[in-house]
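Undergrad: Got a structure for you, questions after.
The values are calculated or read from the model by the stated rules, or taken from the named source; none is laboratory data. None of the values given here were measured: they were computed from a predicted structure. Counting neighbours? That spans all protein chains shown, and the Cβs are built from the backbone with ideal geometry, glycine included.
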Amino acid sequence: MVRALARDPAVSEIHVAPGNPGMATQAQRHVLNPTEPWEVLELVRQIDASLVVIGPEAPLVAGVADAIRDAGTPCFGPSAAAARLESSKSFAKEIMAAAGVPTATAHVCTTSRQVSIALDAFGAPYVVKDDGLAAGKGVVVTFDRTTALEHGEACIEKSGKVVVEEYLDGPEMSVFVLCDGNTAVPLAPAQDFKRVGDGDTGPNTGGMGAYSPLPWAPPTLVDEVVTQVAKPVLAEMARRGQPFTGVLYCGLALGSRGTRVIEFNVRLGDPEAQVVLERLTTPLGSLLLAAATGRLADVPELTWRDDAAVCVVLAAKGYPVKARIGDRIRGLDEAGEMPGVVVLHAGTAVDDEETVRSAGGRVLNVVGLGLDLAAARAVAYDGVARIRLKGSHYRSDIAADAANGLIRVGREVVE
């Protein structure tokens, strides 16, 4: 987001809190607790910000956007009430039902017995979702009933409820929709890779890579998402007195029963945003300001570069179970200087000697740009090869099937 905002000629200064070392050349970093509304508001007043963009979900759920808007500063990000579309899977299901949005049939369970009954009703593969925030790792999809039941019981112990739903077949994809409470403007679709290993093996993660555009997606799909998903949700939220301003992330499955919503997020998803924003040529700052001030209807049609983009996530040793941190990262400059390569920091920090080290599970996002997906893949993996992080790992098959004219559905590949 910082990189995309910096390309907007209307943006004169960028301040981030807390940010990471990769942002240092384009933004001024500030130390604060981003989930404390009064701390964020104090910084907003100190720098006299003309627009506040909230990236992660935790500050949104904590009501930071409410505090900023109440103080009179334009803010891109939903209210705490509207952010429940992400923070509560059961609330999102309630909204979709009221708005007539196509989604998976689901049961909200509060006891182990209810989970057991729901699992038997739907059958394998079992889909069990933590009702609350889980950093992209609260969903279990498995053929093992014991694993599904144990996850459901753990979710109930944590938050008091869990969502068990039917499995949706078909390829998955993501569409971000910018919203100002009334108007919905879609961004280009992307596909991400949740499982940690090649061929969609291993546990779910926050995302191991992504690509855009999607050559296999129906040309009418984005319009369908806007008319059948985004606009009905906006209307229902407005009817409830909780207008939605920000990004409505629509996670979708294109299955045998048509397009269905898997989940909503209320922010730009990671790592899909890395490829979508790299392709966007419409100035981002001006676009988000229009959304924050209710003027999206006045925005001209968005423009995009023709290049394809592929993002490969470089993860720390042990991720996603227990990531090792503190390892030195080498080769960042070498990779970043390669034509078509963009290296974005995620879980990084600098030590007292200004050496960049790993500080999280997903450490770096390496984005490659090319004339098509095959070329973008080659560029991205050339960039990854220049970076050295002890014990790190990454998937070698990001966008591989799509580049060859194939579609991956779970572990199956079809033409």
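Undergrad: Do any strands (runs of 3 or more DSSP E) lying entirely in the range 179-272 carry at least 2 residues that are over 24 Å from D397 (Cβ atoms) and touching a Ser or Thr at 6+ places or on another chain (Cβ under 6 Å), and which ones are they?
TA: Output list reads 258-265.
Undergrad: Only one residue in D306, D270 is acidic (D, E) and in contact with a Gly (Cβ under 9 Å, 6 or more places away or on another chain), so which one is that?
TA: On the way: D306 fails: in contact with a Gly (Cβ under 9 Å, 6 or more places away or on another chain).
Every option except D270 fails the conditions.
Undergrad: I've got another one for you. Going by the structure shown, is A399 under 17 Å from G199 (Cα atoms) and either of a type in the set (A, V, I, L, M) or at pLDDT below 95 (or both)?
TA: Yes.
Undergrad: OK, next. How about the range 141-175: which of its residues are β-branched (V, I, T) and either under 17 Å from S87 (Cα atoms) or more than 22 Å from the chain's Cα centre (by Cα) (or both)? Even if it seems obvious, please write down each step before you answer.
TA: Pass one, the range 141-175, residues β-branched (V, I, T): 141-142, 146-147, 156, 162-164, 175.
Selection gives T142, T146, T147, I156, V162, V163, V164.
Undergrad: For the range 232-273, give me the residue count where each residue is over 14 Å from G77 (Cβ atoms), over 13 Å from the mean Cα position of the chain (by Cα), of a type outside the set (A, V, I, L, M, F, W, C) and at pLDDT 95 or above.
TA: 5
Undergrad: Applying the selection to the range 78-132, what residues are among the aromatic types (F, W, Y) and in a helix (DSSP H, G or I)?
TA: Listed by number, the residues that qualify are F91, F122.
Undergrad: If the requirement is being farther than 30 Å from V140 by Cα and outside any helix (DSSP H, G or I), which of these qualifies: L41, L32? Break it down stepwise before answering.
TA: Numbers: L41 fails: outside any helix (DSSP H, G or I).
From the options L41, L32, the qualifying one is L32.
Undergrad: Checking the conditions here, which among A349, A335, A315, A402 is under 28 Å from P186 (Cβ atoms), touching a residue at least 40 places away in the same chain (Cβ under 8 Å) and among the small types (G, A, S)?
TA: None of the other options fit; the residue is A402.
Undergrad: Also, quick follow-up: Any chance you could count how many residues in the range 40-52 are touching a residue at least 12 places away in the same chain (Cβ under 8 Å) and among the polar types (S, T, N, Q)?
TA: 1
Undergrad: Looking at (1) more than 19 Å from P78 (Cα to Cα); (2) modelled with pLDDT of 90 or more, find the lone condition where V185 falls short.
TA: Just one mismatch for V185, condition (1).
Undergrad: Sticking with this structure for a sec: Can you tell me which residues in the range 30-53 are buried (at least 18 other Cβ atoms within 10 Å of the Cβ) and basic (K, R)?
TA: Correct list: empty.
Undergrad: Sticking with this structure for a sec: If you go through the range 31-39 one residue at a time, do you hit one that is in contact (Cβ under 8 Å) with a residue 40 or more places away in the chain, over 25 Å from I329 (Cα atoms) and in contact with a helix residue (DSSP H, G or I) (Cβ under 8 Å, 6 or more places away or on another chain)?
TA: There is no residue in the range 31-39 that is in contact (Cβ under 8 Å) with a residue 40 or more places away in the chain, over 25 Å from I329 (Cα atoms) and in contact with a helix residue (DSSP H, G or I) (Cβ under 8 Å, 6 or more places away or on another chain).
Undergrad: Would you mind stating whether A190 is within 23 Å of E94 (Cβ to Cβ), in contact (Cβ under 8 Å) with a residue 12 or more places away in the chain and of a type in the set (A, V, I, L, M, F, W, C)? Before the answer, list the steps.
TA: Numbers: within 23 Å of E94 (Cβ to Cβ): no; in contact (Cβ under 8 Å) with a residue 12 or more places away in the chain: yes; of a type in the set (A, V, I, L, M, F, W, C): yes.
Considered against the rule, which asks whether it is within 23 Å of E94 (Cβ to Cβ), in contact (Cβ under 8 Å) with a residue 12 or more places away in the chain and of a type in the set (A, V, I, L, M, F, W, C), A190 comes out as no.
Undergrad: Return yes or no: is G19 without any contact (Cβ under 8 Å) to a residue 24 or more places away in the chain and surrounded by 15 or more Cβ atoms within 10 Å (Cβ to Cβ)?
TA: For G19, the condition - without any contact (Cβ under 8 Å) to a residue 24 or more places away in the chain and surrounded by 15 or more Cβ atoms within 10 Å (Cβ to Cβ) - is met.
Let's see how each residue does on (1) under 27 Å from V11 (Cβ atoms); (2) modelled with pLDDT of 95 or more; (3) not assigned by TED's automatic domain parsing to the domain that holds V247:
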residue	(1), (2), (3)
S50	yes, yes, yes
I54	yes, yes, yes
P59	yes, yes, yes
V64	yes, yes, yes
A71	yes, yes, yes
I95	no, yes, yes
G100	no, yes, yes
T110	no, no, yes
